[in-house]
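Below is one structure, written out as structure tokens; comments come after it.
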Amino acid sequence: AKDIMNKHIVSVRPNTSLREAATQMRKKGISQIPVIDNDVVTGALSEKTIIESVANGKSIEDISLVPVKDIMNDAFPLIDESAPVSMVSFMLEYNSALLVAKKGKVVGIITKADLLKLM
């Protein structure tokens, strides 16, 4: 996992507004982002989750002020940096991203796009 992970982790805090989180995601060209508070992974936010909130009748103006913690999903799975690529690929079949840890501290992230770079 450590050989394919992205070491630059873009994250947001639980109290970050959806507008600010969406702006970060757009600027970085990412479709999902981990929610981390004081080095503790508390959840994840994705474009899909934001779109579903709007599709459920909430206006974009109203939802843009909502804190991430109010609509975030469960956190991405955490794997050890020594996890083999076969395990990473299997887990990415069911998850949009994986967080990579070294001695319990998050040190990277792997998405499906990162795995495709191996080809």
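The values are calculated or read from the model by the stated rules, or taken from the named source; none is laboratory data. The structure displayed is predicted, hence computed values, not measured ones. With ideal geometry, Cβ positions are generated from the backbone for all residues, glycine too; neighbour counts draw on all protein chains shown. Calculation scope for accessible area: heavy atoms of the full protein, side chains included, ligands and nucleic acids excluded. Shrake-Rupley method; radii C 1.70, N 1.55, O 1.52, S 1.80 Å.
Send over a whole-number figure in Å² for the accessible area per residue of the stretch 14-119, probe 1.4 Å. Show your work: numbers first, answer last.
On the way: 6420 Å² over 106 residues.
In whole numbers, the stretch 14-119 has 61 Å² accessible per residue.
Taking the Cβ of M87 as the center, what net charge do the other residues with Cβ under 15 Å away carry, scoring Lys and Arg +1 and Asp and Glu -1?
Net charge in that neighbourhood comes out at -3.
So what's the projected area for the stretch 1-116, the Cα convex hull averaged over all directions, in nm²?
For the stretch 1-116, the mean projected area of the Cα convex hull comes to 7.0 nm².
Please report the net charge: other residues with Cβ closer than 12 Å to the Cβ of G108, K and R +1, D and E -1. Please list the in-between numbers first.
Numbers: positive: K2, K7, K102, K105; negative: D3, D80, E81, D114.
Result for the neighbourhood of G108: 0.
How much mean residue ellipticity at 222 nm does the chain get from its helices, if each DSSP H run of length 4 or more adds -39500 (n - 2.57) and you divide by all residues, to the nearest 500 deg cm²/dmol?
Details: 5 runs with 38 residues, N = 119.
Roughly -8500 deg cm²/dmol at 222 nm, from the helical runs in the chain.
So if I place +1 on the C-beta of Lys and Arg and -1 on the C-beta of Asp and Glu, and nothing else carries charge, what would the dipole magnitude of the chain be about its Cα centre? I want it in debye, nearest 20.
380
Going through the stretch 72-119, which trypsin sites (Lys or Arg not before Pro) have at most 10 other Cβ atoms within 10 Å and a DSSP loop state? All intermediate terms of the calculation are to be shown ahead of the outcome.
On the way: sites: K102, K103, K105, K112, K117; in loops: K103, K117.
Passing sites in the stretch 72-119 are K103, K117.
How large is the charge dipole for the stretch 49-119, taken about the Cα centre, if only the Cβ atoms of Lys, Arg (+1) and Asp, Glu (-1) carry charge, to the nearest 20 debye?
Details: 7 positive and 9 negative charges, 66 e Å.
Value, rounded to 20: 320 debye.
Could you look at the chain and say what percent of its accessible area is carbon and sulfur, using a 1.4 Å probe and all protein chains?
For the chain, the apolar C and S fraction of the accessible surface comes to 53 percent.
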